[in-house]
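Derivation of every value follows stated rules applied to the coordinates shown; laboratory data play no part. Just so you know, these numbers come straight off a predicted model, no measurement behind them. When we count neighbours, we look across all protein chains shown, and the Cβ atoms used for this are built from the backbone with ideal geometry, even at glycine.
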Amino acid sequence: MRADAAGGDSAATSTGLGKAVAADFEESIFRYGKDQSGIGILTTPADTERSSETLPIAVIFNSGLLHRSEPYRLNVLIARRLAGLGVTTLRVDLAGKGDTPTREGVANRESVAIDWADISHELTRLFGERTFLLMGICSGADNAIKLAVSDEQVVGLVLMDPICPADSGYAKRKLALKLGNAGFWRRLPRRAVREFSSFLAFGKSAPEEKQDLRDAPRPDELVACMQAMVERDGNVLAVFSSTAESYYNVEGQMTSVLAIDGLDNICREVWWPHVTHIYPIQQHRNRLADQIEEWFREGVVRQ
């Protein structure tokens, strides 16, 4: 049986029920919760000598309603890359996502907190007392931020398109980038026609209001999280793609606007405006995995 037959997280060679092995990693099914209905995949170094109990366990949360391997198997790529560094990684489906059943009658934040309590308990049972590195894109980053505030075992964060307040120079930089973009001028006539047509049709049909499906951390929660990471001497990698252009447009914006003493020493920001949010291009996925590996080697490993 492959390690994750239900979700397509197949590994190179199957070795028995629920477990698969390749040259650099082993993968097995992870279950959590009171009824063991929560599901994830553990990726562990195949060479036990490379695994280190001093390294944190990485946990990758779902983005939106996506499966634990998504988007475009990005989480699989990251987990297997980390295995080469001796890191055990869990790709997990939280309640209501992937293969884990929905938890009825519970608000999202409370449900995520319950899941994390069960997940961290099970990881501790399996591997002993360890620290944790939380990762995720978009809503996965949101959950990592909210959980890290109060869990002292969380010493690292990899946040892909997290929330970030705009600083005083954001609007000016946005305007300069727009005016310097040849595509903006090419599209300007069509945009003017479209907006004029919308003006003439005003009141005829009201479009449905777009719903915000992110349960994003409040600004004070973001500040509290980053303050906690500084106090724990942790490490943060924040990667912003093109989808963040509505609020972020220069490396260093997060550390500057939060203005937390010492944050610039532990937080690395990366701004990739030409990369799509869910990394559909293999080259971009490889680039992200390279960035995470470099950050891990230079920051977490050298602590």
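Between the range 77-99 and the range 129-144, what is the C-alpha centre distance in whole Å?
Here the answer is 11 Å between Cα centres.
For a label point 7 angstrom out from the Cα of His274 toward its Cβ, which stretches of the range 236-259 have the backbone nitrogen within less than 14 Å?
Within reach of a label on His274, which here means backbone N under 14 Å from a point 7 Å along Cα→Cβ, the range 236-259 contributes 242.
What is the packing order of peptides 277-284, 116-123, taking the mean over residues of other C-beta atoms within 10 Å and listing the highest first?
116-123, 277-284
Considering only C-alpha atoms, what is the centroid distance from the range 104-120 to the range 246-280, in Å?
The distance from the Cα centre of the range 104-120 to that of the range 246-280 comes to 28 Å.
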